[in-house]
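Comments concern the structure below.
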Amino acid sequence: MVKTAQTYKKRSMASEIWRRLCRNKMAMLGLVIMVILVLTAIFADVIADYDTKVIAQDIKNRLQGPSMAHWCGTDEFGRDIFARLVHGSRVSLVVGLVSVTISLIIGGPLGAVAGYYGGRVDNVIMRIMDIFLAVPSILLAMTIVAALGTSLVNVMLAIGISGVPGYARIVRASVMSIKDQEFVEASRAIGAKSPTTIFREILPNCLAPIIVQATLSVASAILSTASLSFLGLGVQPPSPEWGAMLSGGRNYLRDALHLTLFPGLSIVITILALNLLGDGLRDALDPRLKQ
């Protein structure tokens, strides 16, 4: 009976969050765009063949404008821009998700430990985070990539490390706001060890701000990836990536605007969708907002 009641409570809470999210039209627009983007990335090989459409050069058809044969035109090497955008979405999503996961895995426990123990432990951890925050995230990512070398793995690692301080501060603030509540005191009273209390009792109650931050951070990670690739420090050609496509097309702005127009629109639409979805999740997960 107790298990059934708990299951019903969880379902009702989830349905309430979904109801609030559905009432936010802009958040649903962002969700629809992201679903389309994810499906595009999953079925990229079905939509456009990688070897013949994405990386194979066709100099005779270089710098062609949008047409029925090439919906977004061709680039300076005759490659189909639409096919490269489709496969580039896979790169952007993978980098965004993996880098955010790295930030969360490192920054989350650090923030939880700092907020739970306080005192000297909190002071040491947060001063280290302040040192990282003093350096702009894109500059820190550029430094890490320059030190480790230009590769997709190093880009994900660099962006993930640069995002650690943000998660540490958010988790710390959330832990400090609930660590003195009754259920935490009850966990201590029954003899639960500190790691058990942190990871089983406190962190599950901090998921709302973490989910919102993760959604917004994916957008920041995609933008950082595009920036690094634009500067030549990210994904290397001929692999398709939106920032690298912008970099390759900047020399043809007067003669072939579509080389930069479509990759730029892809970045703008994706980041806008993630920001709309993140704002909607923030409102839906906040119990103080009754919609």
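Please enumerate the residues belonging to the stretch 43-75 that are over 30 Å from the mean Cα position of the chain (by Cα) and among the charged types (D, E, K, R).
Matches in the stretch 43-75: ASP58, LYS60, ARG62.
Filter the stretch 64-79 down to residues that are of a type in the set (Gly, Ala, Ser) and in contact (Cβ under 8 Å) with a residue 60 or more places away in the chain and give me whichever is farthest from ILE47 (Cα to Cα).
Looking at residues that are of a type in the set (Gly, Ala, Ser) and in contact (Cβ under 8 Å) with a residue 60 or more places away in the chain, I get GLY65.
Would you be able to say whether some residue in the stretch 118-130 is within 30 Å of GLY65 (Cα to Cα) and open to solvent by 20 Å² or more (accessible area, probe 1.4 Å)?
No, because not a single residue in the stretch 118-130 is within 30 Å of GLY65 (Cα to Cα) and open to solvent by 20 Å² or more (accessible area, probe 1.4 Å).
Any residue that is of a type in the set (Asp, Glu), in a helix (DSSP H, G or I) and buried (at least 18 other Cβ atoms within 10 Å of the Cβ) - is there at least one of those in the stretch 182-191?
Within the stretch 182-191, not a single residue is of a type in the set (Asp, Glu), in a helix (DSSP H, G or I) and buried (at least 18 other Cβ atoms within 10 Å of the Cβ).
Looking only at the stretch 132-153, count how many residues are under 16 Å from the mean Cα position of the chain (by Cα) and either open to solvent by 20 Å² or more (accessible area, probe 1.4 Å) or within 27 Å of PHE199 (Cβ to Cβ) (or both).
4
Are any of the residues in the stretch 231-242 part of a helix (DSSP H, G or I) and open to solvent by 20 Å² or more (accessible area, probe 1.4 Å)?
Among the residues of the stretch 231-242, not one is part of a helix (DSSP H, G or I) and open to solvent by 20 Å² or more (accessible area, probe 1.4 Å), which makes the answer no.
Against the condition touching a residue at least 40 places away in the same chain (Cβ under 8 Å) and in contact with a Cys (Cβ under 8 Å, 6 or more places away or on another chain), how does VAL95 come out, does it pass?
no
If I ask for residues that are in a helix (DSSP H, G or I) and over 13 Å from PRO238 (Cβ atoms), which ones from the stretch 53-69 would you list?
ILE59, LYS60, ASN61 - these are the residues of the stretch 53-69 that are in a helix (DSSP H, G or I) and over 13 Å from PRO238 (Cβ atoms).
The values are calculated or read from the model by the stated rules, or taken from the named source; none is laboratory data. Please read these numbers as outputs of a predicted model, since none were measured by experiment. Every residue, glycine as well, gets a Cβ built from its backbone with ideal geometry; the counts of neighbours run over all protein chains shown. The area values use the complete protein model at the heavy-atom level, side chains included, leaving out ligands, DNA and RNA. Shrake-Rupley method; radii C 1.70, N 1.55, O 1.52, S 1.80 Å.
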